[in-house]
Amino acid sequence: MKYLIIIASLCCFIGIIDLPIGYYTFLRILVSLMSFVIIVNEFRTRRFWFVAFVLIFILFNPIVPIYLYLKTIWIIIDCIVGLLLLYYFYTLIPKKKPEEPETIVTNQIEIPRTRDRIIK
(Lines give C-alpha, C1' and ligand atoms only; values in the text may rest on other atoms or scores of the structure.)
Protein backbone atom coordinates (compact mmCIF):
# COMPACT_ATOMS: atom_id res chain seq x y z
CA MET A 1 0.00 0.00 0.00
CA LYS A 2 2.84 2.38 0.78
CA TYR A 3 4.18 2.34 -2.74
CA LEU A 4 0.76 2.85 -4.28
CA ILE A 5 0.66 6.14 -2.38
CA ILE A 6 3.85 7.22 -4.15
CA ILE A 7 2.42 6.14 -7.52
CA ALA A 8 -0.76 8.14 -6.87
CA SER A 9 1.33 11.14 -5.87
CA LEU A 10 3.43 10.92 -9.02
CA CYS A 11 0.28 10.61 -11.13
CA CYS A 12 -1.01 13.81 -9.52
CA PHE A 13 2.18 15.62 -10.52
CA ILE A 14 1.94 14.19 -14.05
CA GLY A 15 -1.64 15.50 -14.17
CA ILE A 16 -0.23 19.03 -14.34
CA ILE A 17 0.60 18.42 -18.00
CA ASP A 18 -2.18 18.82 -20.55
CA LEU A 19 -3.24 15.20 -21.21
CA PRO A 20 -6.33 13.48 -22.70
CA ILE A 21 -9.46 13.07 -20.59
CA GLY A 22 -8.83 9.33 -20.17
CA TYR A 23 -5.79 10.03 -18.01
CA TYR A 24 -7.75 12.31 -15.72
CA THR A 25 -10.44 9.65 -15.33
CA PHE A 26 -7.69 7.18 -14.39
CA LEU A 27 -6.29 9.79 -11.99
CA ARG A 28 -9.69 10.24 -10.35
CA ILE A 29 -10.07 6.49 -9.86
CA LEU A 30 -6.54 6.05 -8.50
CA VAL A 31 -6.60 9.01 -6.10
CA SER A 32 -10.09 8.23 -4.83
CA LEU A 33 -9.08 4.59 -4.27
CA MET A 34 -5.97 5.60 -2.32
CA SER A 35 -7.84 8.21 -0.31
CA PHE A 36 -10.51 5.62 0.54
CA VAL A 37 -7.82 3.22 1.78
CA ILE A 38 -6.28 6.01 3.89
CA ILE A 39 -9.73 6.95 5.25
CA VAL A 40 -10.29 3.37 6.37
CA ASN A 41 -6.84 3.21 8.00
CA GLU A 42 -7.12 6.57 9.76
CA PHE A 43 -10.76 6.36 10.83
CA ARG A 44 -10.06 6.23 14.57
CA THR A 45 -6.46 7.32 14.89
CA ARG A 46 -5.40 10.60 13.30
CA ARG A 47 -8.16 13.13 12.71
CA PHE A 48 -6.26 15.49 10.35
CA TRP A 49 -5.54 12.79 7.77
CA PHE A 50 -9.09 11.48 8.00
CA VAL A 51 -10.66 14.87 7.27
CA ALA A 52 -8.11 15.77 4.58
CA PHE A 53 -8.61 12.55 2.64
CA VAL A 54 -12.39 12.65 2.97
CA LEU A 55 -12.25 16.02 1.19
CA ILE A 56 -9.87 14.60 -1.43
CA PHE A 57 -12.17 11.60 -1.90
CA ILE A 58 -15.16 13.89 -2.48
CA LEU A 59 -13.20 16.06 -4.93
CA PHE A 60 -11.72 13.17 -6.95
CA ASN A 61 -14.86 10.98 -6.84
CA PRO A 62 -15.16 9.26 -10.27
CA ILE A 63 -18.82 8.27 -9.83
CA VAL A 64 -20.18 11.80 -9.28
CA PRO A 65 -17.31 13.95 -10.61
CA ILE A 66 -16.86 17.58 -9.67
CA TYR A 67 -15.93 19.69 -12.67
CA LEU A 68 -14.03 22.91 -12.01
CA TYR A 69 -13.52 23.67 -15.75
CA LEU A 70 -10.34 25.71 -15.18
CA LYS A 71 -7.03 23.93 -15.65
CA THR A 72 -5.21 26.32 -13.30
CA ILE A 73 -7.41 25.32 -10.37
CA TRP A 74 -6.80 21.63 -11.09
CA ILE A 75 -3.04 22.23 -11.31
CA ILE A 76 -3.06 23.74 -7.81
CA ILE A 77 -5.27 20.92 -6.48
CA ASP A 78 -3.09 18.23 -8.09
CA CYS A 79 0.06 19.75 -6.56
CA ILE A 80 -1.50 19.99 -3.09
CA VAL A 81 -2.87 16.43 -3.24
CA GLY A 82 0.47 15.10 -4.53
CA LEU A 83 2.33 16.81 -1.69
CA LEU A 84 -0.19 15.55 0.89
CA LEU A 85 0.20 12.00 -0.39
CA LEU A 86 4.00 12.25 -0.23
CA TYR A 87 3.88 13.69 3.29
CA TYR A 88 1.48 10.95 4.39
CA PHE A 89 3.90 8.37 2.98
CA TYR A 90 6.71 10.06 4.95
CA THR A 91 4.69 9.74 8.17
CA LEU A 92 4.27 6.00 7.56
CA ILE A 93 8.02 5.39 7.56
CA PRO A 94 9.09 4.37 11.08
CA LYS A 95 11.64 6.62 12.74
CA LYS A 96 14.98 4.98 13.43
CA LYS A 97 16.17 5.31 17.00
CA PRO A 98 19.85 5.92 17.52
CA GLU A 99 21.54 2.78 18.68
CA GLU A 100 22.85 2.78 22.21
CA PRO A 101 26.47 1.78 22.60
CA GLU A 102 26.95 -1.80 23.58
CA THR A 103 27.88 -2.20 27.25
CA ILE A 104 29.69 -5.12 28.76
CA VAL A 105 28.44 -6.45 32.05
CA THR A 106 31.31 -6.75 34.50
CA ASN A 107 29.65 -8.46 37.41
CA GLN A 108 32.22 -11.21 37.49
CA ILE A 109 33.94 -12.23 40.68
CA GLU A 110 37.58 -11.21 40.82
CA ILE A 111 39.89 -14.10 41.57
CA PRO A 112 42.85 -13.05 43.66
CA ARG A 113 46.01 -13.81 41.78
CA THR A 114 49.41 -14.11 43.22
CA ARG A 115 52.57 -13.32 41.48
CA ASP A 116 54.00 -16.78 41.49
CA ARG A 117 52.04 -19.76 40.31
CA ILE A 118 52.81 -23.31 41.05
CA ILE A 119 52.17 -25.62 38.14
CA LYS A 120 52.01 -29.35 38.82
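The values are calculated or read from the model by the stated rules, or taken from the named source; none is laboratory data. As the structure is a computational prediction, the values presented were derived from the model and not from experiment. Note that we place each Cβ from the backbone using ideal geometry, even for glycine, and neighbour counts take in every protein chain shown.
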Please go through segment 37-48 and pick out each residue that is in contact with a helix residue (DSSP H, G or I) (Cβ under 6 Å, 6 or more places away or on another chain) and either hydroxyl-bearing (Ser, Thr, Tyr) or closer than 16 Å to Ala8 by Cα (or both). Ile38, Ile39
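Is it true that some residue in segment 97-112 is within 21 Å of the chain's Cα centre (by Cα) and either part of a loop (DSSP other than H, G, I, E, B) or at pLDDT below 85 (or both)?
Yes, because at least one residue in segment 97-112 is within 21 Å of the chain's Cα centre (by Cα) and either part of a loop (DSSP other than H, G, I, E, B) or at pLDDT below 85 (or both).
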In segment 1-32, how many are at pLDDT below 90 and among the polar types (S, T, N, Q)? 0
